[in-house]
Amino acid sequence: MASKGRVQGASGQYPLVQNVTVTQGGTANLTCRVEYNDNTSLQWSNPAQQTLFFGDKKALRDNRIELVRASSSELTISISDVSLSDEGMYTCSLFTMPVRTAKAYLTVLGVPEKPEINGLKKPAVEGDYITLTCITQGSKPAADLRWFRNEKEVKGAKEVNAEGKTFKVQSSLQLHVDRNDDGVAYTCRVDHVALALAPQQATEVLEVQYAPRVEIIHSLEVPQEGQYLKLECVSKGNPSPDPVMWTKDGVELPDLDRMIVDGRELTFTSLNKTDNGTYRCEASNHLGRSSAEYVLYVYDVPTTLPPSTTPLLHPIPPDSTAQLSTHASDPTDSRDPNALGQHGTDHALIGGVVAVVVFVTLCLIIVLGRYLARHKGTYLTNEAKGADDAPDADTAIINAEGNHAHAEEKKEYFI
């Protein structure tokens, strides 16, 4: 692979050349042209000023150097299997009076070696700190190293050291491993201009050992009598925590035909009330143990009343209280049974309020009756004293007039 540089020289009796870039091990073509030439010879020389070709005549014994084209206007040669030592300034000379020259620089790219990853512990234990180091040598210019965790790029610490004309490049990646790193592929990739078509990379898969974690998965949300129930103990750990252990209420499982243990699964073929209890699954490996519990409560099978055969004379509106009570007794309802009793509490509260209102109304009626009775008027009228003792009417009138000043007025008494 060759890349052309800036053209040097001028038109006419001046040689024209181009800089060339080639990958180590490749082939470089050096071309020198003259637009107007009067049959003057062209010559190529290497950085050591050794003549390679004079016209079509080979001057240096090097099997890697060959003539491609020789004419009065062009001299092209090729150098195969280019090495880093071939890099330098090459000179094309046009033998006029005076001699005119043009220089082309040959750049040789050092191909980086396939990277190596060091520092990997197999297996690692959850919580360990490890450092992965990726190293590549022989690159020119210095290569770039990139880390990937599966397909996602992560940043490492890069270090470059010169080794003659090439460079040694390394990149370090520090990890605090956990169970999520188990089975993760860490890849170190080399990016370099000489590897544009085929980048080099190395991959290591991390193995992490960790203590188990356990959970219980159940097949029924509301288990009822007579139903089939399966409990599965899902345990994740490395090494795998096999086998698992089932217990009920802290002791071994009862020996029942309806209760079957198959590996990690506990199966009830037909539930009944005696199955109520706390079931525990435990798993362990050499790094630790873990357990999970499941509280089993077997509900009654819901029952429905048969329809009435007696026709109703008058339609009866649905009783909301009865509906609430039926709903609360339904064991298939997944809500908290204690929460269903709130409807009954609301009706009791309403009844209490009605009773208080009635009682207060009666008290008001009684107080009002007593108030009206106490304010009823009783009128007593007293006649003038002496009228009964008078012998005749005139005397009675005189006595009445005489005693008028002392007579008592009509008075009104209130009880």
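What ranking of 135, 366 comes out by heavy-atom accessible area, probe 1.4 Å, highest first? Can you show the working numbers first?
Numbers: 135 40, 366 105 Å².
Descending accessible area places them as 366, 135.
What are the equivalent ellipsoid semi-axes of the range 211-296, built from the alpha-carbon gyration tensor (square roots of five times its eigenvalues), in whole angstrom, biggest first? Write down the numbers at each step before the final one.
On the way: eigenvalues 117, 28, 23 Å².
Working from the Cα gyration tensor, I get semi-axes of 24, 12, 11 Å.
Can you list the GluC sites (Glu not before Pro) in the range 178-286 that are in a DSSP coil and have 13 or fewer other beta carbons within 10 angstrom?
Values: sites: 204, 207, 215, 221, 225, 232, 252, 265, 282; in loops: 207, 221, 225.
Counting only loop positions with at most 13 other Cβ atoms within 10 Å, the GluC sites (Glu not before Pro) in the range 178-286 are 221.
Beyond a 23 Å Cα-Cα separation, which of these cross-linked pairs lie in this structure: 114/140; 114/152; 121/165; 152/236?
Values: 114/140 14 Å; 114/152 21 Å; 121/165 34 Å; 152/236 25 Å.
Violating the 23 Å Cα-Cα cut-off are 121/165; 152/236.
Counting other Cβ atoms within 10 Å, which trypsin sites (Lys or Arg not before Pro) in the range 31-82 have at most 11 and lie in a DSSP loop? Numbers along the way, then the final one.
On the way: sites: 33, 57, 58, 61, 64, 69; in loops: 61, 64.
Loop-located and lightly packed - 61.
Mind listing which chymotrypsin sites (Phe, Trp or Tyr not before Pro) in the range 91-200 are in a DSSP loop and have 15 or fewer other Cβ atoms within 10 Å? Working shown, then result.
On the way: sites: 95, 105, 129, 147, 148, 167, 186; in loops: 95.
Passing both the DSSP loop test and the Cβ count: 95.
Considering only DSSP beta bridges where both residues belong to the range 15-109, give the percentage that are antiparallel (nearest 5). Don't jump to the answer; show the numbers that get you there.
On the way: 28 of 32 bridges.
Once the DSSP bridges in the range 15-109 are tallied, antiparallel ones form about 90 percent.
May I ask for the distance between the Cα centers of the range 203-262 and the range 98-116, given as a whole number of Å?
Each part reduced to its Cα centre gives a spacing of 68 Å.
Enumerate the calculated ³J(HN,Hα) couplings along the range 356-372 in order (Karplus 6.51 cos²θ - 1.76 cosθ + 1.60, θ = phi - 60°), each rounded to whole Hz, writing x wherever the residue is Gly or Pro.
Those phi angles translate into 5, 4, 4, 5, 5, 4, 4, 4, 5, 4, 5, 4, 5, x, 5, 5, 5 Hz.
The values are calculated or read from the model by the stated rules, or taken from the named source; none is laboratory data. Just so you know, these numbers come straight off a predicted model, no measurement behind them. All Cβ positions, glycine included, derive from the backbone under ideal geometry; neighbour counts span all protein chains shown. Heavy atoms of the whole protein, side chains included, go into the accessibility calculation; ligands, DNA and RNA do not. Shrake-Rupley method; radii C 1.70, N 1.55, O 1.52, S 1.80 Å.
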